[in-house]
1. Quick check of the Kirkwood formula: for the range 102-173, what is the inverse mean of 1/r over all pairs of different Cα atoms, in Å?
2. Based only on Cα atoms, what mean projected area does the convex hull of the range 12-248 have, in nm²?
3. What distance in nm separates the two pseudo spin-label positions at LYS209 and TYR68, each 7 Å out from Cα along the beta-carbon direction?
4. For a quick check: sort SER94, SER181 by the number of other beta carbons within 10 angstrom, fewest at the front.
5. To check you understand DSSP bridge types, tell me what percent of the beta bridges within the chain (both residues inside) are antiparallel, rounded to 5.
6. By per-residue mean of other Cβ atoms within 10 Å, what is the highest-first order of 72-81, 183-192?
7. Please list 237-243, 226-232 highest first by mean number of surrounding beta-carbon atoms within 10 Å per residue.
8. What's the percent breakdown of Cα-Cα distances in the range 164-247 across 5 Å bins, shortest bin first?
Amino acid sequence: MLKSIRNGLREEVMRVELKDKIALVTGGDRGIGRAIVLELAKRGCNVIINYHRNSSEAERTKRDAESYRVRAWLLRFDVSNRQEVRRALSSLSSKIDEINVLINNAGILGDHFTLEEIDDEEWDRVININLKGAFIMTQEVLKYMKRGKIVNISSIVGRNGGTVGVHYAASKAGLIGLTFSLARQLAPNILVNAVAPGPVDTSLIPEEKKKSLRKLSLLDRIASPEEIAHAVIFLIENDYITGSVVNMNGGRYML
Ligand SMILES: NC(=O)c1ccc[n+]([C@@H]2O[C@H](COP(=O)([O-])OP(=O)(O)OC[C@H]3O[C@@H](n4cnc5c(N)ncnc54)[C@H](OP(=O)(O)O)[C@@H]3O)[C@@H](O)[C@H]2O)c1
């Protein structure tokens, strides 16, 4: 935290200098989460990399983060399971003083896209991981965060619907509501924002769909995970943005 003198008043500025801070990224082992982990590590930020099943990707991302000479820890847990989250965080509590940044990134698409095909069980699974997971993570990480930044990874479909399942779109719209509400409740010490990407080049989207999705962008391509990570870093490094949703969709949806 920087202290500055302006107009004779001492003003506390909550600048997050990322170097030597600690960030937790859910679903940080691959895709957008991995890109965020590596952008944080490049800036000297220590990283807690959560993953669910993919331990080989998690080990690879940990090694790559450590190549930037930061500390990296792997935490395996299901974001929708509060007991697992608590156990994992307490296993780290003797090694870290606080967590400065939380990125709620973990998410799944679900198995079906049409309304008729989605049953209660699939609805609950998608909402529990994508939305309840961010709620659980925020409550549990706040125990370790006095001042800091939270970024939720929403989606264009949370604002505009789309050719995905209603459960996925509802979860991503819910994340936007969660972002607004948390921004109000946690200010001024914790700033909360969201990023709403259009299609991104990760394994979440089947390869055969990527071509048609490309055409929906004014830029004739889908985003790279690194481009999303850069927007996340911008939000973390800024000290006057809270309660905002950054659209990243190549001009497909304007607001
Ligand atoms: N790709 C896109 O076009 C796009 C567009 C807009 C928004 N998004 C959002 O961006 C986020 C990341 O997506 P992505 O494209 O990087 O997807 P991805 O490559 O499929 O990665 C998903 C990540 O979430 C983790 N995860 C899944 N279920 C979990 C659980 N229960 N607990 C903890 N971690 C869990 C996975 O861990 P494991 O590897 O261990 O399974 C993985 O790290 C998601 O929230 C997604 O909805 C993606």
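1. Values: mean 1/r = 0.0777 Å⁻¹.
Mean inverse Cα-Cα distance, inverted, gives 12.9 Å.
2. Values: hull surface 50.0 nm².
Across all orientations, the range 12-248 yields a mean hull projection of 12.5 nm².
3. 2.9 nm
4. Working: SER94 6, SER181 12.
Least to most surrounded, the residues fall as SER94, SER181.
5. Numbers: 5 of 32 bridges.
Within the chain, antiparallel bridges account for around 15 percent of the total.
6. On the way: 72-81: 19.6, 183-192: 16.3.
Put in order of decreasing packing, that is 72-81, 183-192.
7. Working: 237-243: 14.6, 226-232: 20.4.
With the highest mean Cβ count within 10 Å placed first, the list reads 226-232, 237-243.
8. 3, 13, 19, 20, 19, 13, 8, 3, 1
Read-outs throughout are calculated quantities, based only on the coordinates presented, and are distinct from any laboratory measurement. Since the model is a prediction, treat every value here as computed from it, not as a measurement. All Cβ positions, even for glycine, are placed from backbone atoms using ideal geometry, and neighbour counts span all protein chains on display.
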